[in-house]
C-alpha cells in the first residue's frame, strides 16, 4: 500500500469518525434543544461583543469621529447587545427565534413566488411545497413564541449537525472507495 493511499484511507476514517461524533452532538442538541439554544445564544453574544470591540477600535484608530461616528456607535451597540445576550440568554434566544420565524416566512413567500414564475417547468411544484413548509414553520414558531425559543434553535441546530455528520460519513466512504480503487489499479 502506497503512502498516498494509506493517507487517503486514514483521512477517510477520521472523517467518518468525526461525522459520527457530529451526528451524536446533533442528536444531543435535538434531545436537549434548550441547552443547545442557550449555547447558541451565548456564542452569538460573544461574537457580538468581539465584533463590537473590533468596530470600536477601528473607529478610534481611524480618528473618524466626524464621518465615522456611526461606526463607533454601532460598535458600542454591538457590545451592548452582546452583553445583554450573555447576561440574559433567554431574551437573546427569544430574539433569535423571532428573527428565524421572520426568515422562514420571507423564505417561504419568495420560494412560492419563484415557483409560480417557473410554473410548468419540471419540479416547480416542489418549490411550492418547500415554500409552504417554510411558512408553516414560521407560523408554528410565531404562534408559540416566546416559548418556541426554548426548542426551535436547538432543534434546528441539532438537525443541521446530524445532516453534517451524514455528509462527513458519506465523504469518508467515498475517500475509502477511491483509495481502494487506486490501490487495486496500482497493484
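FYI, it's all coordinate maths here, none of it is from the lab. What you see is a predicted model, and the numbers here were worked out from it, not measured in a lab. Here the Cβ positions follow ideal geometry from the backbone for every residue, glycine too, while neighbour counts run over all protein chains shown.
Some observations on this one:
- The base-10 log of I(q)/I(0) for the chain, evaluated at q = 0.08, 0.16 Å⁻¹, reads -0.47, -1.01 [Debye formula, identical scatterers on Cα atoms, solvent excluded].
- Normalising the average separation of contacting C-alpha pairs (under 8 angstrom, six or more residues apart) by the number of residues puts the relative contact order of the chain at 42 percent.
- Placing a pseudo-label 7 Å from each Cα along the Cα-to-Cβ vector at residue 170 and residue 10 gives an inter-label distance of 2.8 nm.
- Relative to the dominant Cα principal axis of the chain, helix 124-143 is inclined by about 50°.
- Helix 89-117 axis, angle to the chain major axis (alpha carbon atoms, nearest 10°): 70
- Over the chain, DSSP H runs of length four or greater, each weighted -39,500 (n - 2.57), average out per residue to a 222 nm ellipticity of -31000 deg cm²/dmol.
- Fewest-first ordering of 151, 126 by other beta carbons within 10 Å of each residue's beta carbon gives 126, 151.
- Ranked list, fewest to most other Cβ atoms within 10 Å of each Cβ, for 183, 10: 10, 183
- Tilt relative to the chain, helix 152-186 - C-alpha long axis, 0 to 90 degrees, to 10: 30
- Note on residue 102 and residue 160: with the Förster distance fixed at 25 Å, the Cβ-Cβ geometry gives a FRET efficiency of about 0.85.
- D by Stokes-Einstein for segment 129-186, Kirkwood Rh over Cα pairs, 20 °C, 1.002 mPa s: 148 µm²/s.
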